[in-house]
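Structure, as structure tokens:
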Ligand code: AHR
């Protein structure tokens with residue numbers, strides 16, 4: 001029979017870089033995202049290095065986290081950095097007003113976060129406080145972290161770190177249209193101009209300034225920010241969550257049927273149109289694409305798992321989330337000329353997490369495994385694709401069944417990612433590969449026997465990648481049989 005899906009991978013006309021920062025992670029002071037999930041303190045029985053749990057750090061090193069965004073989110077716009085430096089026992093205990101009203105011990109502050117980043121081999125993406133902080137407070141934080149000399153550098157030395165840290169990325173507030181101050185776009189643009197003015201990197205260093213961007217399809221926000229403040233920043237952010245339900249009645253993370261499967265994937269696919277339209281708005285003021293787009297919050301947002309604190313945004317993670325991850329990572333390839341950074345929300349225990357913990361227990365989610373499968377995309381070259389896929393539909397949710405991307409890795413190897421969103425039918429893919437000289441193909445597949453399959457502390461390997469033998473390369477044509485509801489990563493060698 002004729003192949004259902006035809007694909008051309010244009011290895012002979014390579015595109016932009018698939019920036020490794022597309023795999024950036026987000027760690028907010030929210031629920032057990034930091035406390036419990038990353039930080040257990042140096043006196044914990046849970047094995048740790050200077051307070052950060054060894055199991056989680058080791059697992060995160062496995063996906064080569066390039067950068068971590070911290071301390072929020074909404075938390076960032078009420079965060080006062082001075083409360084998180086100096087002897088831990090003397091730091092003020094505050095209330096986390098955004099997330100559950102619990103106490104915030106300030107045990108993880110600047111020094112601890114920078115230690116985490118070093119343990120991970122990652123870079124820091126610090127989110128500054130525009131909401132209820134001053135430009136002076138923000139400027140002093142940047143100076144405290146980065147300056148080689150002066151009173152603030154002396155204070156840093158006294159607090160245990162003589163050498164300045166690198167702060168490659170700095171966010172000028174978060175969601176200024178919402179929890180970051182409920183500003184209107186023209187005002188937010190002026191505020192951004194003002195705060196950006198005072199972020200100064202020491203000579204010979206660079207702090208990339210990222211402006212607070214739009215919520216989902218708010219293209220007017222992007223347009224205003226670019227028109228009024230685009231010349232003051234290096235990047236603009238954008239947040240889009242897959243919610244697929246009214247905000248007050250979110251979906252369950254594990255109890256769902258095909259209707260919710262299809263709805264979640266259809267909502268996720270909207271990312272493509274949003275990036276096209278935000279990029280077009282940016283093109284008006286920056287046709288050379290000097291200002292890049294940072295999708296620094298994305299992922300699924302379901303109802304909190306039963307029995308958990310609703311303010312902690314704790315949710316399980318199923319094969320459906322693996323599909324969401326692959327779809328978004330494929331879409332980012334298409335927009336890699338403008339999208340240089342994205343950050344899934346969030347790294348541990350919050351929303352669409354890589355890792356879930358409970359006390360000393362830890363489990364890797366299906367989302368973690370997709371990040372591991374796509375790791376070789378980091379800093380590779382996007383290969384443009386043409387694809388004609390059959391449609392998958394359930395009720396009113398209609399979408400192409402196959403999502404794809406292709407990247408030539410820094411190691412020279414061409415990789416093709418394919419996701420079959422249809423939970424019922426396998427599909428065959430036939431790909432032509434101009435510019436590919438490989439002789440053979442190997443691969444990995446992530447799938448399961450049910451769409452709600454997930455990993456728990458008791459059964460941690462229900463959804464995990466295995467070797468894939470459904471691809472053949474002959475005469476320059478690649479033939480693949482994709483199982484239903486699967487993510488496949490192929491290597492052509
Ligand atoms: O990721 C959870 C929250 O979602 C973040 O704090 C905020 O920026 C967004 O609304």
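Here 324, 255 are screened, and the one residue that is modelled with pLDDT of 95 or more, closer than 23 Å to residue 401 by Cα, in the same structural domain as residue 225 (by TED's automatic domain parsing) and part of a helix (DSSP H, G or I) is 324.
Within region 60-80, being crowded, with 18+ Cβ neighbours inside 10 Å, away from the ligand (no atom under 16 Å from the Cβ) and part of a helix (DSSP H, G or I) holds for one residue alone: 60. I need a count of the residues in region 287-308 that are loosely packed, with under 15 Cβ neighbours inside 10 Å and under 24 Å from residue 338 (Cβ atoms). The number of residues fulfilling the criteria is 4.
Checked against the criterion of being away from the ligand (no atom under 16 Å from the Cβ) and closer than 14 Å to residue 348 by Cβ, region 24-36 contains one or more residues that satisfy it. Per the listing 311, 307, the residue uniquely out of contact with any strand residue (DSSP E or B) (no Cβ under 7 Å at 6 or more places or on another chain) and in a loop (DSSP other than H, G, I, E, B) is 307. Looking across region 409-425 at every residue that is in contact with a helix residue (DSSP H, G or I) (Cβ under 7 Å, 6 or more places away or on another chain) and farther than 17 Å from residue 435 by Cα, the one that is surrounded by the fewest Cβ atoms within 10 Å (Cβ to Cβ) is identified as 423. In region 229-240, of all residues being in contact with a helix residue (DSSP H, G or I) (Cβ under 9 Å, 6 or more places away or on another chain) and in contact (Cβ under 8 Å) with a residue 40 or more places away in the chain, the one that is surrounded by the fewest Cβ atoms within 10 Å (Cβ to Cβ) corresponds to 232.
Residues of region 1-50 that are in contact with a strand residue (DSSP E or B) (Cβ under 9 Å, 6 or more places away or on another chain), in contact (Cβ under 8 Å) with a residue 60 or more places away in the chain, surrounded by fewer than 24 Cβ atoms within 10 Å (Cβ to Cβ) and assigned to a strand (DSSP E or B): 5, 6, 7, 8, 17, 35. Considering only residues in region 338-360 that are out of contact with any helix residue (DSSP H, G or I) (no Cβ under 8 Å at 6 or more places or on another chain) and closer than 26 Å to residue 168 by Cα, the one that is nearest to the ligand (Cβ to nearest atom) turns out to be 345. Within region 109-132, work out how many residues are within 16 Å of the ligand (Cβ to nearest atom) and farther than 15 Å from residue 167 by Cβ. Of the residues in region 109-132, 3 are within 16 Å of the ligand (Cβ to nearest atom) and farther than 15 Å from residue 167 by Cβ.
Of all residue pairs spaced 6 or more apart or on separate chains, those with beta-carbon atoms under 8 Å, a first member in region 162-187 that is in the same structural domain as residue 80 (by TED's automatic domain parsing) and without any contact (Cβ under 8 Å) to a residue 24 or more places away in the chain and a second member that is within 16 Å of the ligand (Cβ to nearest atom) and in a loop (DSSP other than H, G, I, E, B) are 183/176; 183/177; 184/177.
Scanning region 370-419 for residues that are part of a helix (DSSP H, G or I) and farther than 24 Å from residue 270 by Cβ turns up 372, 375, 376.
Just a yes or no: is a residue in region 167-185 at pLDDT 95 or above, crowded, with 21+ Cβ neighbours inside 10 Å and at positive phi? There is at least one residue in region 167-185 that is at pLDDT 95 or above, crowded, with 21+ Cβ neighbours inside 10 Å and at positive phi. Could you list, in sequence order, the residues of region 180-234 that are outside any helix (DSSP H, G or I), under 18 Å from residue 290 (Cα atoms) and away from the ligand (no atom under 16 Å from the Cβ)? Selection gives 206, 207, 208, 209, 233, 234. On inspection, residue 101 does not qualify as modelled with pLDDT of 95 or more, touching a helix residue (DSSP H, G or I) at 6+ places or on another chain (Cβ under 8 Å), away from the ligand (no atom under 16 Å from the Cβ) and at positive phi. Filtering 93, 57 for residues that are under 30 Å from residue 490 (Cα atoms) and surrounded by fewer than 22 Cβ atoms within 10 Å (Cβ to Cβ) leaves a single hit, 57.
Would you call residue 166 within 19 Å of residue 234 (Cα to Cα), away from the ligand (no atom under 16 Å from the Cβ) and not in a loop (DSSP other than H, G, I, E, B)? In short, no.
The values are calculated or read from the model by the stated rules, or taken from the named source; none is laboratory data. Note that the structure is a prediction, hence the values are computed from the model and not measured. Glycine also receives a Cβ, built like all others from the backbone with ideal geometry; neighbour counts cover every protein chain displayed.
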